[in-house]
Amino acid sequence: MALRGSEEVEERMEEAEQGEDRELKISPAEEMPADGPGEDEPEPEPEQQLLLPWDRFSAWLHCICVVGFDLELGQAVEVIYPHHSKLTEKEKTSICYLSFPDSNSGCLGDTQFCFRFRQAAGSKSSLGCFLDHFDRDAPVCLKKDQGHFYGYVYFRQVRDKTLKRGYFQKSLVLISKLPYVTFFHSLLKLIAPEYFEKQEPCLEAACNDIDRWPTPCPGKILTLPIMGVVMKLRIPTCSDKPGTSQLVQSTPTDSLVSIVLPTIHEVDLFRCFYPVFFHIQMLWELVLLGEALVVMAPSPAESSETVLALVSCIAPLRYCSDFRPYFTIHDSEFKEYTTRTQAPPSVILGVTNPFFAKTLQHWPHIIRIGDMKQTGEMAKQMKVKKLKNLKTLDSKPGVYSAYKPFLNKDEEILKQLQKGVQQKRPSPAQNAILRRYFLELTQSFIIPLERYVASLMPLQKSICPWKSPPQLKPFVQEEFMKTLEKAGPQLTSRLKGDWIGLYRQFLKSPNFDGWFRNRRKEMTQKLEALHLEALCDEDLQLRIQKHTEVETVDLVLKLKEKLTQAEREQLPVRMGTLAKLQAHIDSVILSLPEDLQGILHKPVTP
């Protein structure tokens, strides 16, 4: 989260910004900071000097798959590249079924969409652990997915009389841990047409190009050569101001740059929500509260874009439940998610098969969308429909739910968007208006929580170097509710309604649990960092004069363990703190007998 509720907690963000200056050059490909190259480039860290072949490829992708259709076998993975990439049989099966549109979709020509599936137990991602450093600086919505893979699909279906089936059907699929949907779809537009024409040699060339890319480092402007074309982009950082994007500017040296991407992950919210845009505020509440939602769409492209739009509408808050941009009856979680023996789980599903209209009829909230074609027609004012009216996938577009929103409808944003349609305002402008609206709504909601959680942080003066760091105060729901009367969302939002009821429901949701876990981890690390800085400011030589030799050895071991922890967890300490602590430890060791010095100079095993 980029929002903060107190100056003490804001210090962490300032230190994170300073930390960005220490990013490293690790690739022959051009990697330039946004404000130009620094005069003094730091030496590469050992972990980056040891990069092996395919490590850079693995920083972006787990593998590339080609999925074809066999009359006897059905869908099958024909090629996995690089050939050493590992996928379990369960993962291959998931990829096979999710890489093809349902037969009823009628997707002739080329279609692009994405899916998300669980990483099999015991399966290992090829994404190097050294990337955790880069992941730390990414916004919460762009961190690598720990338990799932994303699949980015380019599907081609064309008539071919030479084949028994009468059609050529094949998908090129990029498998990655990174949610860079716009970037990977742009990459596929370059690779897939070439692959369908030239086959595997083209795929090998593309993979070799990717293995020469710099790693996906937030805050840097990256130029990525691929098959004779150069893409230029910037990955956002956690310290970027929410709702802003640092535009990648062209420079005189960019004569070879063919594609400049303004965003790597954002979908067009207005286009996705256009069929149901009179209900955008209610949909925001449903996503915020982690309600079970299903999107019924005519094609995987429309289902996946709509699910991704829903997940992103509560940014910068992270959606912490499961979501499947494209879900089929063959999915390994089909029974788990469609059972009637228990309440529907907190998940957002995107489906295209008419079978789901009956199977998921018991779900509380269903969004039915039609073809997402930009038209000059006005979207009609539609009431929320009753679930019993949803019989088949051919039902009219709309929202089917019995949900009663906590907040009053914001008529101003609807009028603004309607006026834009009448005046034929460009889609990017409509999208920017809607994205700004969602951002301000989420910020108004989350700022009181940030402010209250910041008050749980102990005062810095309570930190004693020779005692354990103080604990955070507990989150007490009723105490938080009392703060809303004077410091609630009414300070920043014009919306009226039952804010208290919305907060009570949110505090029970997976999104609150995920957000609070993350904030508590950040604040605990801040306390550890302040404790470490307090230790560094102490005169250890004076301290050990009052200690026995055994007590001094014990102190050295504890300090070394604390230093190892700080390096492992990358605590947000002042620059130079760790080096200063190491110098203190070394000076104490030198004051001990030589036989102990040899033992204590050995590294501590984490």
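The values are calculated or read from the model by the stated rules, or taken from the named source; none is laboratory data. What you see is a predicted model, and the numbers here were worked out from it, not measured in a lab. Heads up, the Cβs are rebuilt from the backbone with ideal geometry, glycines too, and the neighbour counts pull from every protein chain shown. In case anyone asks, the SASA skips ligands and DNA or RNA and just uses the protein heavy atoms, side chains included. Shrake-Rupley method; radii C 1.70, N 1.55, O 1.52, S 1.80 Å.
Go through K486, K558, K170 and list them by solvent-accessible area, largest first, probe radius 1.4 Å.
These residues rank, largest area first, as K486, K558, K170.
Only residues of segment 501-529 count here: report those whose backbone N is under 19 Å from the spot 7 Å along Cα→Cβ of M481, or say none.
Answer for segment 501-529: 501-510, 512-513.
Put a dot 7 Å past each Cα toward the Cβ at E78 and F168; how far apart are the dots in nm?
Placing both labels 7 Å beyond Cα along the Cβ direction yields 0.9 nm.
Between I259 and L472, how high is the FRET efficiency from 1/(1 + (r/R0)^6) when r is the Cβ-Cβ distance and R₀ = 56 Å? Nearest 0.05.
Between I259 and L472 the formula returns 0.75.
From the protein chains alone at 1.4 Å, what is the descending order of accessible area for H62, H148, largest first?
So, going from the largest accessible area down, we get H148, H62.
Accessible area of S493, 1.4 Å probe, to the nearest 10 Å²?
20
Take N408 and E204, extend 7 Å from each Cα along the Cα→Cβ direction, and tell me the distance between the two endpoints in nm.
6.8
How do E333, E72, E204 stack up against each other in accessible area, from largest to smallest, with a 1.4 angstrom probe?
So the residues, ranked largest to smallest area, are E72, E204, E333.
Once amide H atoms are placed 1.01 Å from N in the peptide plane, what residues at a sequence separation of 5 or more from I226, or on another chain, have their amide H within under 5 Å of its amide H?
Long-range HN contacts for I226: M231.
When all protein chains stay in place, what accessible area (Å², nearest 10, 1.4 Å probe) is found for R340?
Looks like 150 Å² after rounding.
For segment 518-528, just list the computed ³J(HN,Hα) in residue order, Karplus coefficients 6.51, -1.76 and 1.60, θ = phi - 60°, integers in Hz, with x standing in for Gly and Pro.
Once rounded to whole Hz, the list reads 5, 5, 5, 5, 4, 6, 5, 5, 5, 5, 4.
Could you sort 413-422, 178-187 so that the peptide with the highest average Cβ count within 10 Å comes first and the rest follow in order?
Those peptides, ordered most packed to least, come out 178-187, 413-422.
Just flag the chymotrypsin sites (Phe, Trp or Tyr not before Pro) in segment 448-537 sitting in loop per DSSP whose Cβ has no more than 11 other Cβ atoms within 10 Å.
Of the chymotrypsin sites (Phe, Trp or Tyr not before Pro), the ones in loops of segment 448-537 whose Cβ has at most 11 other Cβ atoms within 10 Å are W466.
Rounded to the nearest percent, how much of the accessible area of segment 419-490 (1.4 Å probe, protein heavy atoms only) is carbon and sulfur?
Carbon and sulfur: 54 percent of the exposed surface of segment 419-490.
If R₀ is 35 angstrom, what is the calculated FRET efficiency for the pair M575 and E440, using the beta carbon separation as r and rounding to 0.05?
My answer for the efficiency is 0.50.
Tell me, what is the FRET efficiency for L590 and T88 to the nearest 0.05, using R0 = 45 angstrom and their Cβ-Cβ distance as r?
So, using R0 = 45 Å, E works out to roughly 0.25.
Amide H of L349: which non-local residues (sequence gap of 5 or more, or other chain) have their own amide H closer than 5 Å, using H built in the peptide plane?
Correct list: L293, V294, V295, R324.
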